[in-house]
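Accompanying notes for the structure given below.
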Amino acid sequence: MPKIIDATRRETVAKLLAFYHFRPPIERLSLFEFQISGFKLKRSWLKALNFKPETFNLSLMARPFKDKNRRKDNRKNARSDVNRQKERNFKRELAPESSANSGSSASAPNRKSLEKLLEGIGTPEPQPLVPDNFQIEALKAVETQDVLVTAPTGSGKTWIAREEIRRLLADGKRAWYTTPLKALTNSKYTEFSAEFGAANVGILTGDRKENHDAPLIVGTTEIYRNQLFDSLRSGEQVNTDFVILDEAHYLADEDRGHVWEEAIILSPPRIRLLLLSATVGNAEEFARWIEEVRGTSVRVINRAGSRPVELRAAFLAPNAQLIPLFDESGKMNRAIEQFAQQENPFERRRRYR
């Protein structure tokens with residue numbers, strides 16, 4: 001601590017420091033901030049110290065401990081704002097240059113590829129639903145036996161489950177719809193609530209428990225498996241007539257696959273199962289295993305072929321230009337390489353920071 005007062009006043013300084021240490025943290029001051037100047041001490045402090053203010057002049061420059069850190073943070077934030085503005089300006093300058101490069105002789109094929117990429121995108125005209133043959137076959141089979149449906153994403157696997165649920169609810173029966181993900185469970189809960197009425201649909205996950213006595217329960221596979229365990233302990237039956245295992249290929253998952261195994265093995269034969277998946281390669285082998293552990297008959301419905309809803313890939317350049325990932329010949333679009341070759345100083349700085 002700097003020498004701020006002569007020896008004759010050391011006793012008073014000692015009292016001042018002792019009182020200082022009993023102050024709340026927000027009112028404490030750095031010991032290096034005691035300075036001699038005009039009288040600015042609080043009168044309540046002087047009264048507690050029991051000395052006359054005219055004996056000497058001493059000022060406390062009040063400043064909380066974190067002020068210095070706050071100022072550093074403010075300066076850092078200010079520099080960050082400046083850097084962000086510079087980066088925006090850099091990208092704005094880059095955009096015209098990239099646009100000019102794209103206007104070369106190679107732009108014609110790219111334009112055709114872009115037109116093909118965007119062709120047909122939009123909302124189709126409403127048309128009456130005409131079920132595919134595999135949907136009708138699966139819906140008929142699930143009335144009397146377990147069914148494993150393998151079909152590409154977007155083929156309409158959920159339609160099969162929805163129509164069977166509709167029939168069961170009309171007959172006063174109950175159903176379970178399981179998914180591996182909470183987000184998918186919430187999505188299906190919203191979808192089915194709009195379809196069958198909120199009073200007829202409940203949800204059970206690790207985070208949500210709503211309307212658990214509803215005839216249709218949407219939940220994670222773990223929750224359904226836990227209900228099977230509970231029924232074994234209590235000797236009661238699981239209160240459902242039909243179970244849909246969506247994304248059934250999770251049975252092959254190294255960490256969570258045992259949940260699907262247990263759900264299939266522990267489900268009583270009276271409960272019919274509908275397993276839906278887009279990525280089961282050995283469907284017949286899977287079905288034979290289910291028959292072995294459940295003692296039921298399993299029908300495999302395999303809708304082979306490409307996706308009904310086409311997937312298209314594109315690259316969004318830094319200048320907001322959309323470039324097809326593949327050219328007309330099906331190879332990687334070479335127009336993308338120019339953006340990989342261009343040096344961005346801001347990205348380089350982030351990389352080495």
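The values are calculated or read from the model by the stated rules, or taken from the named source; none is laboratory data. Predicted model, so just to flag it, every value in this text is computed and none were measured. Cβ placement follows ideal geometry from the backbone for every residue including glycine, while neighbour counts extend to all protein chains displayed.
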All but one of (1) closer than 22 Å to Asn239 by Cα; (2) at pLDDT below 95 hold for Ile121, so report the exception by its number. (1)
Can you name the condition, by its number, that Glu284 falls short on among (1) at pLDDT 90 or above; (2) among the charged types (D, E, K, R); (3) in contact with an Asp or Glu (Cβ under 8 Å, 6 or more places away or on another chain); (4) farther than 26 Å from Gly235 by Cα? (3)
For region 304-340, give me each residue that is surrounded by 13 or more Cβ atoms within 10 Å (Cβ to Cβ) and part of a loop (DSSP other than H, G, I, E, B). Pro308, Arg312, Ala317, Pro318, Asn319, Gln321, Leu325, Asp327, Asn333
Identify, from the list Lys182, Lys173, the residue that is under 21 Å from Glu262 (Cβ atoms), touching a strand residue (DSSP E or B) at 6+ places or on another chain (Cβ under 8 Å) and among the charged types (D, E, K, R). Lys182
Do you know which residues across region 115-157 are buried (at least 17 other Cβ atoms within 10 Å of the Cβ) and more than 18 Å from Glu310 (Cβ to Cβ)? Phe134, Gln135, Glu137, Ala138, Leu139, Ala141, Val142, Asp146, Val147, Leu148, Val149, Thr150
So, restricting to strands (runs of 3 or more DSSP E) that lie completely within region 156-226, which ones have at least 2 residues that are more than 23 Å from Ile265 (Cα to Cα)? 201-204
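Considering only region 260-271, I want to know if a residue exists there that is out of contact with any helix residue (DSSP H, G or I) (no Cβ under 7 Å at 6 or more places or on another chain) and on the phi > 0 side of the Ramachandran plot. Spell out the reasoning first.
As a first pass, look at region 260-271 and keep what is out of contact with any helix residue (DSSP H, G or I) (no Cβ under 7 Å at 6 or more places or on another chain): 268, 270-271.
With the extra rule that they be on the phi > 0 side of the Ramachandran plot, the set shrinks to none.
Checked region 260-271: no residue is out of contact with any helix residue (DSSP H, G or I) (no Cβ under 7 Å at 6 or more places or on another chain) and on the phi > 0 side of the Ramachandran plot.
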